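Engineer: Quick one: this structure, given as structure tokens, is what I'll be asking you about.
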Amino acid sequence: MEQSAYFCGMKTLDKKEIVVSGSRPTGLIHLGNYLGAINNYVKMQDDFQSYFFIADYHSLTTHYDARNLPQLTNEVLATYLACGLDPEKCTIYIQSHIPQIPELYLLFNMIAYKGELEKIPTFKDKVRSQEQSGKSISAGLLTYPVLMAVDIIIHRAVKVPVGKDQESHIEMARTLANRFNNLFGEKLFPEPYGFNFGEELLKIPSLDGTGKMSKSAENPNSAIYMMDTDAQIRKKIMKAKTDLGPTEPNQQRPEEINNLFDLLRLVSTPDTLAHFDEQYNNCTIRYGDLKKQLAEDMVNTVAPIRNRIEDIMRDTTYLHRVITEGGEKARASAAATLNEAKRMIGMRYV
Ligand code: ADP
Ligand code: TRP
């Protein structure tokens, strides 16, 4: 296990590296969330001091109507547990149960600049889509990355398991952590980095060949949800976009075909991947066969998790216990950091 030493207040601590990540309760968890992030949370909980949460404040930046929030939050929580997060090994909580987060967020909003936040690509994309549908841009949307930075640094995390779409946010978290340390002359916050076991962060493609698989996609057939039935999964895979097939050996693959191969790589065996690779390269491939195999491998990945989600959702006493105990642990860690940050700023009153 890796050990890290960092300077904390006046003491140097040797401890397990700290991991933080979260997902927004804006819809059903899909295969992109699972393969891009949650699967890594599960693998990391054994070796790191880990905090995994449900980012309900973040969901309000785009989905202000909170009527569905309790149901969606429970679904994300049950999905975490069904995927294998173990409350004995990691701390699981709801973001809004930790009052130290909005307090540190307020302090960080004083050192984040409007100009740098406006340049973040995810903000620009959201502005474009909100304006198209005639919506105003809230201050909360602009400062989304400040809140995310605080989620991470409130536990002084160094590793953040996320998908590729979050890269610019993690970079902002590093910038803000360093700026705070430099302004106040102590290295309270370590630099956080996106993490995927030494590999590039993942971007799981949507099934219709347009961008990443996403909770808020307009076309529900473009994503495989962890709650989809076997029949729905098969239907979606069989409908995924393809082309007319290769006409020359070793031909370059168009994006939608590359996407299918990417999905095969993630859920099928290396032999299966090699088999269809070879068939593509010698122009004998039949996409129907590839899709049938992919659909079966996808069903085998999703079905056991879906069945566990359904069981866990029924056990509301257990869900309540997990977030109550997790909240307590997360508040203790957050309070320690917030106190240090306020001391460094000079907010020490009699
Ligand atoms: P969404 O973008 O679908 O609304 P979230 O924003 O809640 O999902 O993301 C939760 C986690 O899942 C984040 O770490 C994010 O990077 C990851 N993630 C989301 N979509 C994908 C994808 N298509 N490929 C890889 N990772 C993804
Ligand atoms: N912004 C992330 C997303 O949309 C969710 C998130 C909020 C997060 N705070 C975080 C992820 C802190 C990792 C660490 O996916």
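Engineer: So if I check each of THR247, THR269, THR324, THR301, which one is in the same structural domain as SER23 (by TED's automatic domain parsing) and open to solvent by 30 Å² or more (accessible area, probe 1.4 Å)? First the steps, then the outcome.
Structural biologist: Details: THR247 fails: in the same structural domain as SER23 (by TED's automatic domain parsing); THR269 fails: in the same structural domain as SER23 (by TED's automatic domain parsing); THR301 fails: in the same structural domain as SER23 (by TED's automatic domain parsing).
After ruling out the rest, the residue left standing is THR324.
Engineer: Separate question: Do we have LYS124 as among the basic types (Lys, Arg), within 21 Å of ALA55 (Cβ to Cβ) and in a helix (DSSP H, G or I) here?
Structural biologist: Numbers: among the basic types (Lys, Arg): yes; within 21 Å of ALA55 (Cβ to Cβ): yes; in a helix (DSSP H, G or I): yes.
Spelling it out, LYS124 is indeed among the basic types (Lys, Arg), within 21 Å of ALA55 (Cβ to Cβ) and in a helix (DSSP H, G or I).
Engineer: Can you find a residue in the range 88-95 that is within 15 Å of ligand 1 (Cβ to nearest atom), open to solvent by 50 Å² or more (accessible area, probe 1.4 Å) and assigned by TED's automatic domain parsing to the domain that holds ALA335?
Structural biologist: The answer is no, given that none of the residues of the range 88-95 is within 15 Å of ligand 1 (Cβ to nearest atom), open to solvent by 50 Å² or more (accessible area, probe 1.4 Å) and assigned by TED's automatic domain parsing to the domain that holds ALA335.
Engineer: A further question follows. Pairs please, first residue from the range 304-318 and closer than 16 Å to THR73 by Cβ, second anywhere and among the hydrophobic types (A, V, I, L, M, F, W, C) and surrounded by 11 or more Cβ atoms within 10 Å (Cβ to Cβ), Cβ atoms under 6 Å, 6+ apart in sequence or on different chains.
Structural biologist: The qualifying pairs are ILE309/ALA78; ILE309/ALA82; ILE312/ALA78; ILE312/LEU81; ILE312/ALA82; MET313/ALA78.
Engineer: Next up: Would you point out the residue of the range 126-166, among those that are acidic (Asp, Glu) and within 12 Å of ligand 2 (Cβ to nearest atom), that is surrounded by the fewest Cβ atoms within 10 Å (Cβ to Cβ)? It would help to see each step written out before you state the result.
Structural biologist: Start the filter on the range 126-166 by keeping residues that are acidic (Asp, Glu), which leaves 131, 151, 165.
Add one more test, that the residue is within 12 Å of ligand 2 (Cβ to nearest atom), and what stays is 151, 165.
On the way: ASP151: 28, ASP165: 20.
Ranking the qualifying residues of the range 126-166, first place goes to ASP165.
Engineer: Something else: Which condition does LEU263 not pass, out of (1) within 16 Å of ligand 1 (Cβ to nearest atom); (2) assigned to a helix (DSSP H, G or I); (3) within 30 Å of HIS155 (Cα to Cα), if it passes all the others?
Structural biologist: Failing condition for LEU263: (3).
Engineer: Tell me which residues, restricted to the range 167-183, are touching a helix residue (DSSP H, G or I) at 6+ places or on another chain (Cβ under 6 Å), near ligand 2 (Cβ under 10 Å from one of its atoms) and not small (Gly, Ala, Ser). Break it down stepwise before answering.
Structural biologist: If we filter the range 167-183 for residues that are touching a helix residue (DSSP H, G or I) at 6+ places or on another chain (Cβ under 6 Å), which is where we start, we get 168-169, 172-173, 176-177.
Among the residues that remain, those that are also near ligand 2 (Cβ under 10 Å from one of its atoms) are: 169, 173.
HIS169, the sole residue that qualifies.
Engineer: Also: So ILE237 fits all but one of (1) part of a helix (DSSP H, G or I); (2) among the aliphatic types (A, V, I, L, M); (3) without any contact (Cβ under 8 Å) to a residue 24 or more places away in the chain; what number is the exception?
Structural biologist: It is condition (3) that ILE237 fails.
Engineer: Within the range 204-216, is even one residue within 11 Å of ligand 1 (Cβ to nearest atom) and without any contact (Cβ under 8 Å) to a residue 12 or more places away in the chain?
Structural biologist: Scanning the range 204-216, I find at least one residue that is within 11 Å of ligand 1 (Cβ to nearest atom) and without any contact (Cβ under 8 Å) to a residue 12 or more places away in the chain, so the answer is yes.
Residues checked against (1) modelled with pLDDT of 95 or more; (2) polar (S, T, N, Q); (3) part of a helix (DSSP H, G or I); (4) touching a Ser or Thr at 6+ places or on another chain (Cβ under 6 Å):
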| residue | (1), (2), (3), (4) |
| --- | --- |
| ASN74 | yes, yes, yes, no |
| PRO87 | yes, no, no, no |
| THR91 | yes, yes, no, no |
| SER96 | yes, yes, yes, no |
| ARG128 | no, no, yes, no |
| GLU131 | no, no, yes, no |
| GLY140 | yes, no, yes, yes |
| VAL146 | yes, no, yes, no |
| ASP165 | yes, no, yes, no |
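Engineer: In the range 1-35, what residues are small (Gly, Ala, Ser), modelled with pLDDT of 95 or more and not in a strand (DSSP E or B)? Give the derivation first.
Structural biologist: Here is the first cut: in the range 1-35, the ones small (Gly, Ala, Ser) are 4-5, 9, 21-23, 27, 32.
Still in the running and modelled with pLDDT of 95 or more: 21-23, 32.
Passing the criteria: only GLY32.
The values are calculated or read from the model by the stated rules, or taken from the named source; none is laboratory data. As the structure is a computational prediction, the values presented were derived from the model and not from experiment. Neighbour counts run over all protein chains shown; Cβ positions are idealised from the backbone, glycine included. We work out accessible area using only protein heavy atoms, side chains counted, and drop any ligands, DNA or RNA first. Shrake-Rupley method; radii C 1.70, N 1.55, O 1.52, S 1.80 Å.
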